[in-house]
1. Looking only at the range 121-137, filter to residues that are in a loop (DSSP other than H, G, I, E, B) and buried (at least 20 other Cβ atoms within 10 Å of the Cβ); which one of those is farthest from the ligand (Cβ to nearest atom)?
2. Go through the range 48-86 and give me each residue that's over 15 Å from Y126 (Cβ atoms), β-branched (V, I, T) and within 13 Å of the ligand (Cβ to nearest atom).
3. Among the residues in the range 106-120, are any outside any strand (DSSP E or B), touching a Gly at 6+ places or on another chain (Cβ under 7 Å), in contact (Cβ under 8 Å) with a residue 40 or more places away in the chain and not β-branched (V, I, T)?
4. Criterion first (assigned to a loop (DSSP other than H, G, I, E, B) and free of Cβ contacts under 8 Å to residues at least 40 places away in the same chain) does T58 satisfy it?
5. Could you check the range 150-193 and list, in sequence order, the residues that are surrounded by fewer than 15 Cβ atoms within 10 Å (Cβ to Cβ) and either touching a residue at least 40 places away in the same chain (Cβ under 8 Å) or of a type in the set (F, W, Y) (or both)?
6. Please list, ordered by first then second residue, the pairs with beta carbon atoms under 7 Å, 6 or more apart or interchain, first in the range 34-51 and closer than 15 Å to E74 by Cβ, second among the acidic types (D, E) and more than 11 Å from the ligand (Cβ to nearest atom).
7. Among the residues of the range 61-88, which ones are surrounded by fewer than 24 Cβ atoms within 10 Å (Cβ to Cβ), assigned to a loop (DSSP other than H, G, I, E, B) and of a type in the set (S, T, N, Q)?
8. Within the range 2-12, identify whether any single residue is part of a helix (DSSP H, G or I), surrounded by 16 or more Cβ atoms within 10 Å (Cβ to Cβ) and more than 9 Å from the ligand (Cβ to nearest atom), and answer yes or no.
Amino acid sequence: MPDHGEGPLEQVSTMGYGDRSDGAYNQWAKDYETDLTQYGYLSPGLVADAMHDYVGGTASIVDYACGTGLVGVELATRGFTTVDGVDFAQGMLDLAAEKTVAGRPVYRELLSLDLTNTIPIEDGAYDALVCVGAMGGGHLAPEHLPELMRTIVSGGIAAFYMNGVAYQNDNFAERFDALEDAGAWRITSQTASNYMAELDRPGMLVLASRP
Ligand SMILES: C[S@@+](CC[C@H](N)C(=O)[O-])C[C@H]1O[C@@H](n2cnc3c(N)ncnc32)[C@H](O)[C@@H]1O
């Protein structure tokens, strides 16, 4: 049986579409990394590896739903130096602002934005995007993805890592195909893996490019 965990992890894993999770994340922020480390959180490293395989270290990357900056740390560790972060939970962003690797801030800029709204970032502003742990109830739905994809260059790569239960129960495979048919993205691969070493926590890494 997939494991929703307990406490805040369970709370944010079981929200409905249309629910806002920023309050829950603001409350969880100071313990988030301790809890996730205890669960053996793997997806930031998997996504950073994918970025490393697809784009060079000079690429500009936007980290959507960056949280406390765990993905940014993994990207910086792999040599990426131009990474901006976006999230709507200020308590999480405050911790992302403190992240450094080799004495350098991990994020060039951090923006407080609700990604279910129009994003005030220019078309094609970045070479690539990453978005980890932010698809599903209380977070983002497939219909929000075209707006995220708009902010990377044509041919740019996007890496999403999402919970496998939401992927299956909420028909993401079909909805992702529909986005491709609508011209929002071109799916490169969809790879299932467990993303918390200490829990039965199925996930899906989705790589796509902007047409
Ligand atoms: C599970 S955390 C993942 C954080 C980080 N990517 C990581 O892997 O550690 C989900 C993040 O998505 C953010 N989030 C959820 N819905 C959002 C929205 N509509 N706009 C902006 N951020 C959102 C939350 O505030 C939270 O920081």
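1. Step one: of the range 121-137, the residues in a loop (DSSP other than H, G, I, E, B) are 121-125, 133-134, 136-137.
Right, trim to buried (at least 20 other Cβ atoms within 10 Å of the Cβ) and you get 133-134, 136.
Values: G133: 3, A134: 4, G136: 9 Å.
Here the answer is G136.
2. T68, V73
3. Narrowing the range 106-120 to residues outside any strand (DSSP E or B): 106-108, 113-120.
Subset that is touching a Gly at 6+ places or on another chain (Cβ under 7 Å): 106-107.
Going one step further and asking which of them are in contact (Cβ under 8 Å) with a residue 40 or more places away in the chain, we end up with 107.
Okay, now just the ones that are also not β-branched (V, I, T), so 107.
Taking every residue of the range 106-120 in turn, at least one turns out to be outside any strand (DSSP E or B), touching a Gly at 6+ places or on another chain (Cβ under 7 Å), in contact (Cβ under 8 Å) with a residue 40 or more places away in the chain and not β-branched (V, I, T).
4. Working: assigned to a loop (DSSP other than H, G, I, E, B): yes; free of Cβ contacts under 8 Å to residues at least 40 places away in the same chain: yes.
So T58 passes the test.
5. Within the range 150-193, S154, G155, S193 qualify.
6. These pairs meet every condition: G40/E198.
7. T81
8. Here is the first cut: in the range 2-12, the ones part of a helix (DSSP H, G or I) are 7-12.
Narrowing further to those that are surrounded by 16 or more Cβ atoms within 10 Å (Cβ to Cβ): 8-9, 11-12.
Then drop every residue that is not more than 9 Å from the ligand (Cβ to nearest atom), which leaves 8, 11.
Taking every residue of the range 2-12 in turn, at least one turns out to be part of a helix (DSSP H, G or I), surrounded by 16 or more Cβ atoms within 10 Å (Cβ to Cβ) and more than 9 Å from the ligand (Cβ to nearest atom).
The values are calculated or read from the model by the stated rules, or taken from the named source; none is laboratory data. Keep in mind that this is a model prediction, so the values were computed, not measured. Don't worry about glycine lacking a Cβ; one is built from the backbone with ideal geometry, like all the others, and counts go over all protein chains shown.
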